[in-house]
Amino acid sequence: MPTYARADLEFVRGEGPYLFDADGQKYLDFASGIAVTTLGHNHPRLVAALKSASEGVWHTSNLVHIPTQEALAALLVVNSFADTVFFGNSGAEAVECCIKVARKYHSANGHPERFRIITFGSAFHGRTLATLAAGNQAKHLDGFGPKVDGFDQVPFGDIAALEAAITPATAAIMVEPIQGESGIRVPADTFLPALRGIADREGILLIFDEVQSGVGRTGKLFAHEHWGVTPDVMAVAKALGGGLPIGACLATEQAAQGMVAGTHGSTFGGNPLSTAVALAVLEEVTKPGFLESVEQAGALLRDGLEKLKAKHGNKITEVRGKGLFLGLQCTGEPGVVIDELRRHGMLTVIAGDNVVRLLPPLIVTEEHIAEALSKLDQALSATSF
Ligand SMILES: *Cc1c(COP(=O)(O)O)cnc(C)c1O
């Protein structure tokens, strides 16, 4: 279905941070398939993991044990707040599972009337009916019938509005620690700690949607670590599979107490192929020194972007983000800059709020960053808003 306005491009080969089209034209990939190809293209360790898994059992269903799935869950648990993990195949499914965990938690505690979830303005949580209702974007909901009930929305960052929206029916608060689709919006440093305090006081659950910000993108394994707070439930996807489809809902034992046998399921979730690759991704990202190198690369890129902002001040208003989760807010239509960058052999992604998203693979070196900054400089010079 023509649900995408696609660029007239197709790629036949990838190597690290580069993609190549059929004519051999080379593109510096600072889009990463929307924050997915975390370790770049054709990473030897991931190729080996997939080749090896492809010669084993492809699929068994979750009616039996899947060793790579259990190893991946164990590694996620060791490296996070969570005690338990459910695997699906996408970000939206991971968020759906978070919603179900929160509702079931209160129901199992004798409060089925507590099912409503408070979300935030300009959020993005996915394209299924429930996650659309959670995101509450008119342009995404239009024409798809009655909105799924159970979501209340307040402005992002507005603690007073949040306090006022809590009722005896509130089950949870759900937030992206850094909003991705709406323009790499980083909240005030007090915001996430305030949410944790309110959730504890009210006996409601705190859900973080780290589908885009998670798995090393910000220089921490999960973005919420920047603020020293943990959620009760969390959705992870995009980068987790390094390019294979996988999503995960992580939770504390306490929050997931209602999720007993038969309450949730997925035929493909946690499949041997996707979990073998995700396990290799997570082992690489949690290797000593890896996240520090992401932080350093992020600081270098950010510094260069600030210099470009000084030079092209009439075209850039702000540099935002953390680590390699960065955005350039433009004074005009960001699509114009993105098209110009593509003509200069560099791929980026548009976001809301007039932002060009820069999502390089986490393995970028100083040389790749210098190349990106030079292409950005040329593209901005060629842009007229
Ligand atoms: C991309 C995204 C989703 C949806 O993920 P899909 O894999 O497209 O279903 C949900 N939440 C956030 C924050 C995202 O960035």
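At 0.36 nm per residue, and after removing the present C-alpha to C-alpha distance, how many nm does the segment from PHE144 to ARG6 gain when stretched out fully?
Values: separation 138, 0.36 × 138 = 49.68 nm, distance 2.27 nm.
47.4 nm is the gain from fully extending PHE144 to ARG6.
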Inset, instruction - Largest first and in whole Å, give the semi-axes of the stretch 46-285's equivalent ellipsoid, each being the square root of 5 times a Cα gyration tensor eigenvalue. - result: 29, 19, 17
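Once the other residues with Cβ under 14 Å from the Cβ of THR383 are scored (Lys, Arg +1; Asp, Glu -1), what is the net sum?
Numbers: positive: LYS309, LYS311, LYS315, ARG342, ARG343, LYS375; negative: GLU333, ASP339, GLU340, ASP377.
Local net charge: +2.
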Inset, instruction - Take the solvent-accessible surface of the protein heavy atoms, probe 1.4 Å, and return the percent of it on the chain that carbon and sulfur atoms account for. - result: 54 percent
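Less than 11 Å Cβ to Cβ from HIS368, Lys/Arg counted +1 and Asp/Glu -1: what total charge do the surrounding residues give?
Values: positive: LYS375; negative: ASP29, GLU366, GLU367, GLU371.
Neighbourhood net charge equals -3.
Greater than 28 Å separation of Cα atoms is the criterion. Which listed pairs, LYS100/LYS139; LYS139/LYS309; LYS238/LYS311, meet it?
LYS139/LYS309; LYS238/LYS311
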Inset, instruction - Extending each Cα 7 Å along its Cβ direction at ALA71 and ALA382, get the distance between those two points in nm, one decimal. - result: 4.6 nm
Legend entry - Between 0 and 90°, nearest 10: helix 272-285 axis offset from the chain longest Cα axis: 70 degrees
Inset, instruction - Have a look at VAL95, ILE159, VAL215 and report the one farthest towards the positive end of the charge dipole of the stretch 46-285, computed about the Cα centre with Cβ charges (Lys/Arg +1, Asp/Glu -1). - result: VAL95
Inset, instruction - Treat each spin label as a single point 7 Å out from the Cα along the C-beta direction, and report the ALA165 to SER54 distance in nm. - result: 4.5 nm
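List the chymotrypsin sites (Phe, Trp or Tyr not before Pro) within the stretch 40-116 that fall in a DSSP loop (any state other than H, G, I, E or B) and whose Cβ has at most 15 other Cβ atoms within 10 Å.
Details: sites: TRP58, PHE81, PHE86, PHE87, TYR105, PHE115; in loops: TRP58, PHE81, PHE115.
In loop regions of the stretch 40-116 (DSSP not H, G, I, E or B), the sparsely surrounded chymotrypsin sites (Phe, Trp or Tyr not before Pro) are TRP58.
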Inset, instruction - Just name one of LEU141, LEU362, ALA31: the one whose Cα is farthest towards the positive end of the charge dipole of the chain (beta-carbon charges, Lys/Arg +1, Asp/Glu -1). - result: LEU141
Legend entry - Lys, Arg +1 and Asp, Glu -1 on Cβ, resulting dipole of the chain about Cα centre, debye, nearest 20: 240 debye
Legend entry - Length-normalised contact order of the chain in % [C-alpha pairs under 8 Å, at least 6 apart]: 23 percent
Legend entry - Helical contribution to [θ] at 222 nm, DSSP H n ≥ 4, -39,500 (n - 2.57), averaged over the chain, rounded to 500: -11000 deg cm²/dmol
Legend entry - MET1, MET259, MET234, ranked by accessible area, largest first (probe 1.4 Å): MET1, MET259, MET234
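Taking the solvent-accessible surface of protein heavy atoms with a 1.4 Å probe, what is the per residue accessible area of the stretch 173-306 in Å²? Walk me through the numbers before you get to the answer.
Values: 4250 Å² over 134 residues.
Per-residue value: 32 Å².
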Legend entry - Most to least packed among 310-323, 241-254 [average Cβ atoms within 10 Å]: 241-254, 310-323
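For every other residue with a beta carbon closer than 9 angstrom to the beta carbon of GLN254, add +1 if it is Lys or Arg and -1 if Asp or Glu, then tell me the sum.
Details: positive: none; negative: ASP83, ASP232, GLU253.
Local charge sum for GLN254: -3.
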Inset, instruction - For the chain, just give the cysteines left without a disulfide-compatible partner, judged by no other Cys Cβ under 4.7 Å. - result: CYS98, CYS330
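The values are calculated or read from the model by the stated rules, or taken from the named source; none is laboratory data. Predicted, not measured: the structure shown is a model, and the values here were computed from it. Glycine also receives a Cβ, built like all others from the backbone with ideal geometry; neighbour counts cover every protein chain displayed. The protein model used for the area step is the full one, side chains on, heavy atoms only, and it has no ligands, DNA or RNA in it. Shrake-Rupley method; radii C 1.70, N 1.55, O 1.52, S 1.80 Å.
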